[in-house]
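Read the structure below first, then the notes.
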Amino acid sequence: MFFCRLTILWVQILTFIVLLMFFMEGFLGFSFTFSKKTVALHSFLKTIIRMKKITTISELKALLQTDREKGLTIGLVPTMGALHAGHISLVNRSVADNNVTVVSVFVNPTQFNDKSDLERYPRTLEADMALLDEAGCDIVFAPSVEEMYPEPDTRNFSFAPLDQVMEGPARPGHFNGVAQIVSKLFYAVEPDRAYFGQKDFQQVAVIRLMTKQLNLPIEIVSCPIEREENGLALSSRNMLLSDEERKKATKISQTLFKSTTFVPEKSVEEIKAFVKESLSSDPVFRMEYFEIVDGDTLQSVKSWNDASYIVGCITIYCGKIRLIDNIVYKK
């Protein structure tokens, strides 16, 4: 009992000190040098101050400007919600790397070239916020479509040749929509680092190029694919699979993993044939593409000697649900 009262007393004292500092700085003109001790105090206070939900860009920018003036680093995890352990692994990485973590939850309409796909995309904001609070997220940015697009975004990006293969032809306009929303988030948050999952392999490459084209001082951090125990790559779309489809979907990763055991004895074309034949044997699957590419340029390779970094990228329908995955063959 005494320990609990002592802990509460210390929290009250520390909170009072911080509030006093902000008051003196904001109203009395005092200036404080925010040292490592201040950052440590900020980290401590994170354990007692609840996560904030922000819905407007102006409020978000004002809040983050205060953090930035204190010398705090900011990490951004852009998401479309329907969060799973893969997203949370990105949040965990950001929390470990930065003083402040912002997670955006926004289903971006401009990156969907299929209206029905947009309508089907799961929206679970309340459940998402509970997961993010537990993971140590500081700010959830959950804007409306009108907030992010007060008027049509007419910007057209070019990421050739990265956007001219695989997802590019399969989903016309998709990467332009991704660039529109991610750049808007980058301008709103101005993060030191932004975190993306390696499952969206081509998207990460496009975002790196976009960041370079826009000359933004943001470190793009790519994090490993998170998988279910059976190997299925975690995806928000997995919740749309039926129980039977979910069981069968595990064959995608199983086939990819098995194909790596044949390298380099079998040729690139033989590996491609193996993957396509293995998955086409079940009518639940409909292959959109499987390509083996240079991991840097995303251009197809014909030989294992064509590049030092080689990745296999697949998009396949399981029933009506579009799933993506990838596997590294050489690095």
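The values are calculated or read from the model by the stated rules, or taken from the named source; none is laboratory data. Keep in mind it's a predicted model, so treat the numbers as computed, not measured. Neighbour counts are summed over all protein chains in view; Cβ atoms, including those assigned to glycine, are modelled from backbone coordinates with ideal geometry.
Here PRO143 meets the list (1) more than 30 Å from GLU69 (Cβ to Cβ); (2) part of a loop (DSSP other than H, G, I, E, B); (3) in contact (Cβ under 8 Å) with a residue 60 or more places away in the chain almost entirely, failing just condition (1).
Considering only the stretch 48-59, I want to know if a residue exists there that is modelled with pLDDT of 95 or more, exposed (fewer than 13 other Cβ atoms within 10 Å of the Cβ) and in a loop (DSSP other than H, G, I, E, B). Within the stretch 48-59, one or more residues are modelled with pLDDT of 95 or more, exposed (fewer than 13 other Cβ atoms within 10 Å of the Cβ) and in a loop (DSSP other than H, G, I, E, B). Would the stretch 114-123 turn up any residue that is more than 13 Å from LEU185 (Cα to Cα), modelled with pLDDT of 95 or more and outside any loop (DSSP other than H, G, I, E, B)? Within the stretch 114-123 (the criterion being more than 13 Å from LEU185 (Cα to Cα), modelled with pLDDT of 95 or more and outside any loop (DSSP other than H, G, I, E, B)), the answer is no, since none of the residues qualifies.
In the stretch 104-111, the condition of being at pLDDT 95 or above, buried (at least 22 other Cβ atoms within 10 Å of the Cβ) and not hydroxyl-bearing (Ser, Thr, Tyr) is met by at least one residue. Considering ARG93, ARG171, ARG155, the condition of being surrounded by fewer than 18 Cβ atoms within 10 Å (Cβ to Cβ) and of a type in the set (Lys, Arg) is satisfied by ARG155 alone. Taken over the stretch 184-221, the criterion of being assigned to a strand (DSSP E or B) and buried (at least 19 other Cβ atoms within 10 Å of the Cβ) is satisfied by ALA194, TYR195, PHE196, GLY197. Exactly one residue among GLU244, GLU134 is assigned by TED's automatic domain parsing to the domain that holds TYR309 and outside any loop (DSSP other than H, G, I, E, B), and that residue is GLU244. If you check GLY75 against the conditions, is it among the small types (Gly, Ala, Ser), in contact with a Lys or Arg (Cβ under 6 Å, 6 or more places away or on another chain) and either in contact (Cβ under 8 Å) with a residue 12 or more places away in the chain or more than 23 Å from ARG227 (Cα to Cα) (or both)? When the stated conditions are applied, GLY75 passes them.
If the condition is being closer than 17 Å to ASP200 by Cβ and of a type in the set (A, V, I, L, M), then the stretch 219-254 contributes ILE220, VAL221, ILE225, LEU232, ALA233, LEU234, ILE252.
Within the stretch 147-167, the set of residues being within 16 Å of THR110 (Cα to Cα), touching a residue at least 24 places away in the same chain (Cβ under 8 Å) and not acidic (Asp, Glu) comprises MET148, TYR149, ARG155, PHE157.
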